[in-house]
Amino acid sequence: MCGIVGYVGDKNAQDFLVSGLKRLEYRGYDSAGVVTFDNSGKATLVKAKGKIADLGTKLVSERREDKVGIGHTRWATHGEPSEVNAHPHHVGNIYLVHNGIIENYKELKNALSNYEFKSETDSEVLAALIDSFYKEGKYPLTNAVVQALKLVQGTYGIAVMSDKNPNEIVVARAGSPLVIGVGHGETLIASDASALLGHTKQAIYLNDGEVATVTAGSVEIKTLNAEPVSAKVEEIETNLAAIQKDGYEHFLLKEIMEQPKSLKETLRGRVDTRHGMVHLGGPGLPESELRKIKHLVIVGCGTAYNAGLLASYYIEQFTPEITVEVVVASEYRYRQAYIPKDSLALIVSQSGETADTLACLREIKKQGIRTVGIVNAIGSTIAREVDGGTYVHVGPEISVASTKAFTSQVIAMVMMGLTIAQAKGVRSSFLKPYIEEIASLPEEIRKILEEWNEPVRALADKYKEYDHAIYLGRDTAYPTAMEGALKLKEISYIDANAYAFGELKHGPLALVDDRFFEFALLPDGQLYDKAVSNVQEVLARGGHIIAVTNKKEFDLEVENVVKISTSAKLFAPLLMNLIAQLFAYYMAVAKGYNVDQPRNLAKSVTVE
Ligand code: AGP
C-alpha cells in the first residue's frame, strides 16, 4: 500500500516527511517524493524512483527550512514505477498525493482536454480536476477538492496543497486510511499511525466521505456534503519500540521470534483454565443470541484466509450443528451468496484496511448479518466498521509476510468458536482440552523457536537452489501447509503450492521429480498413518521430502526430518507452522532477497 505523510507546524517539514515515509516503507513501494513550501508559496518538489534513500540523496541539494509539505511512497498501480509517475503530482496550483484507484480517471481525463498530462497515473488526473475547480477562483482549496471528489468513482486517501495558500493541507478519504496527528503548534498527517509515533499520541482517524482542512493549529472536518463533523481525538495505542527491529536483522525474524509474547497478548484476560472457560467480548452478543448462531462465514485474504480455514477445522470439532464457510474476500464480494439470517460473519484482517475484505464486510452488513472483526491494527477501517470485534493485540506487524498475526488470528477465532460453544451448552469437559492447550501454546512456541531456529537455517540452505516446492498436509495440517507455501512463495519467490495429502493422487503427484522438494506436515493423530502412506507414494517417485512431525516413532526414510517435541496435540499444526515460517525466512535470506519488503507485494492491499 502506498504511504502518505504531511506536516504543517513550526519544525522542518522535509525532516518529518522523510522520516515519516521511512516508517511507512515496510508497506512496500517503488518510488517516493515530497513537496514543501516556503511562506511565499515557493514549492520545492523532489521525487525519485526506487527507495527513500534515493530520495534523500536528491534532497541533499534541495534542502529547505520550509515548515509545511506533503510526501508519498508509491506502489505502482496505473503506470510503471518512475520519477514522472511518482507523487506528489503538480498540476497548475495544485500538489497532490493519493492512495487508491480512481476508476473513472479515463473519462475525467478526456473532460480535462485543456490539461497536458505528464504521467500515466490516475492520480495526476485527480490533481488536474481539483485544479480545474480551484483556478476558477470561486472556491477555496477545500471546496475545490470537494467539487472534484464528487465526480470521482473509486477509492482515495489524498493530501492536497496549493501554492497560493501554503499554510493549509486538505485531506480526504474514501477507502484508503488517513490519520491526523494533533501536536503542539503542529499538525501531522499519515496513512498509518506508525508515522506519527515520537511526534504525538493524539490522533484523529478520518472516516470515508470526510474532508479535513488542516493548519498548524487547527483541524476542521466536514462531509462531502459540507456537514460539520466533530473531530474525535484518540490515543495511539502502539509505541516506538514496537516498530523497531530490536537487534534482529529483519522485522520478519523479530516477528517470528516474538510469537510467545504476542500470543500471550492475544490470550490476556480471555482464557480461564481454572474453570475451563474463555471470555471473549468480540461478538458483542448476549448468550441468548450466540445460542441462535447456526452458520459462520469467515472472510479474509491470503494469510488471513488461511487462518480462517485452519480455525474452521477446530470450530467444527466443538460446535454442534454449526456450519462454517471460509471464503476468499476478493471472490466472495462479487458472488451472489445468500447468507442465512442466523449467521455470524468473522472478518479477518491484520491491517484492517484490505480493500477486498472491507468490501465484503460492507456487503455482508447490507444483508443484516452481524459482523465481528478479527483484526490487529487498532482503529483501522474494518475495526471501526464491524458490529463487534476481537483485536488480536500482536502489536505492529511490519514485515510484509504475516507470521505472528496468523498464529493469533487462528487462536482468536478458535476462542470465538469456544465462546459460541459455551453459549450453546457444550460440556466444559469437552472444551477443556482445547482451552488448556491454548493456554500452553506461548511456552510451547518458545521452546520450538529456541530449539529449531538454527537447525532450520541450515536446512533452508540445503534447498535454496530449488525453484519449485510442494507443501502437504491433512486435516488441520492442510491449511497449515497452505500458509507455509504462501510464506515461502512470497519472500523467496519459489513456486510453492500446497495440496491436501489426499489430493495427491488426483493430479499433483504427476509433478514429483527432481525439480521439486516436498514439505510434508505429519502431526501425530488419527490421520497420521494415512499421511505416512501418502509420503510413501511420494518417496516411491523419488521425492525430496522434508518431513515435519511430532510423532516420536517417525521412521520414514525421508531426506530430512524435523521432529518437534511438544505437549500440544490439537494445535500441533500451529507449532509446525513455526518451522515453515523459519524455513521461508532463512530461504529468503539465503537467496539474498529483500525479506521484509518482497518484490511486487505490499503489507496492506488497499486496492482491488
Ligand atoms: C501474508 O503474508 C500476506 N502479506 C498477505 O497474504 C496478507 O495476509 C493479505 O494481504 C491480507 O492482509 P490483511 O490480513 O491485512 O487483511
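Throughout, read-outs are computed from the coordinates displayed, never taken from laboratory work. All of these numbers come straight from a predicted model, not from anything done at the bench. Cβ coordinates were reconstructed from backbone atoms using ideal geometry, including for glycine residues, and neighbour counts include every protein chain displayed.
Some notes on this structure:
- Under 5 Å from the amide H of E210 lie the amide H atoms of R173, each residue being 5 or more positions distant or on a separate chain, with H modelled from the backbone and absent for Pro and chain starts.
- Tilt relative to the chain, helix 428-462 - C-alpha long axis, 0 to 90 degrees, to 10: 80 degrees
- Backbone phi angles across region 233-243, fed through the Karplus curve with coefficients 6.51, -1.76 and 1.60 (θ = phi - 60°), yield HN-Hα couplings of 8, 10, 7, 6, 7, 8, 9, 4, 4, 5, 10 Hz in residue order; Gly and Pro are listed as x.
- Rounded to the nearest 0.05, the FRET efficiency derived from the C-beta distance between Y139 and E80 at R0 = 25 Å is 0.15.
- Nearby lysines by direct alpha-carbon distance to K292 (threshold 25 angstrom, same-chain neighbours under 8 apart not counted): K341, K365, K366, K424, K432
- Taking the three principal axes of the alpha carbon atoms in region 217-269, the coordinate ranges are 48, 30, 20 Å, sorted in descending order.
- A Förster distance of 41 Å, applied to the separation of the beta-carbon atoms of E103 and D529, puts the FRET efficiency at 0.15.
- At most 14 other Cβ within 10 Å, DSSP loop - GluC sites (Glu not before Pro), region 448-498: E465
- In plain terms, the residue of I420, I243 with the fewest other Cβ atoms within 10 Å comes first and the most crowded comes last, giving I243, I420.
- In the chain, helical runs assigned H by DSSP with n ≥ 4 each contribute -39500 (n - 2.57); averaged across all residues and rounded to the nearest 500, the mean residue ellipticity at 222 nm is -11000 deg cm²/dmol.
- Sequence-separation-based contact order of region 243-393, relative, with Cα cut under 8 Å and 6+ spacing, percent: 23 percent
- The distance between label points at E237 and A111 comes to 4.1 nm (points 7 Å beyond Cα on the Cα→Cβ vector).
- Karplus (6.51, -1.76, 1.60) ³J(HN,Hα), θ = phi - 60°, over region 128-135, in Hz, Gly and Pro reported as x: 5, 4, 5, 4, 5, 7, 5, 6
- The dipole here belongs to region 193-244: it is taken about the Cα centre, uses +1 on the Cβ of Lys and Arg and -1 on the Cβ of Asp and Glu, and is about 140 debye.
- Annotation note: trypsin sites (Lys or Arg not before Pro) in region 164-227 located in DSSP loop regions with a Cβ neighbour count of at most 14 within 10 Å are K164.
- Calculated on the alpha-carbon coordinates, the convex hull of the chain measures out at 157 cubic angstrom per residue.
- Legend: ranking of residues T549, T215 from fewest to most surrounding C-beta atoms inside 10 Å; resulting order T215, T549.
- Length-normalised contact order of the chain in % [C-alpha pairs under 8 Å, at least 6 apart]: 12 percent
- Normalising the average separation of contacting C-alpha pairs (under 8 angstrom, six or more residues apart) by the number of residues puts the relative contact order of region 122-218 at 24 percent.
- When the C-alpha to C-alpha distance is required to be over 21 Å, the pairs from K42/K135; K447/K563; K106/K150; K22/K264 that qualify are K22/K264.
- At an R0 of 60 angstrom, the distance between the Cβ atoms of N167 and R268 translates into a FRET efficiency of 0.85.
- ³J(HN,Hα) computed for each position of region 546-558 - Karplus, 6.51 cos²θ - 1.76 cosθ + 1.60, integer Hz, glycine/proline x: 9, 9, 10, 8, 10, 7, 4, 8, 4, 9, 5, 7, 9
- Projected label distance in nm at Y493 and E227, using a 7 Å step from Cα toward the beta-carbon: 5.0 nm
- With respect to the chain, whose longest principal axis is taken over its alpha-carbon atoms, helix 572-590 is tilted by about 60°.
- Taking the DSSP beta bridges with both ends in the chain, the antiparallel portion is around 60 percent.
- Crossing angle, helix 355-366 versus the chain [Cα axis fit, 0-90 degrees, rounded to tens]: 80 degrees
- The GluC sites (Glu not before Pro) of region 180-273 that meet both conditions, a loop assignment by DSSP and at most 13 other Cβ atoms within 10 Å of the site Cβ, are E249.
- Order of V299, V328, V46 - criterion: other Cβ atoms within 10 Å of each residue's Cβ, fewest first: V328, V46, V299
- Other residues lying with their Cβ under 14 Å from the Cβ of V182 contribute a combined charge of -2, Lys and Arg counting +1, Asp and Glu -1.
- Straight-line cross-link reach from K232 at under 20 Å between alpha-carbon atoms covers these lysines, not counting any fewer than eight positions away in the same chain: K201, K222.
- Cα gyration tensor, region 320-455 - rounded (a/c under 1.5), prolate or oblate: oblate
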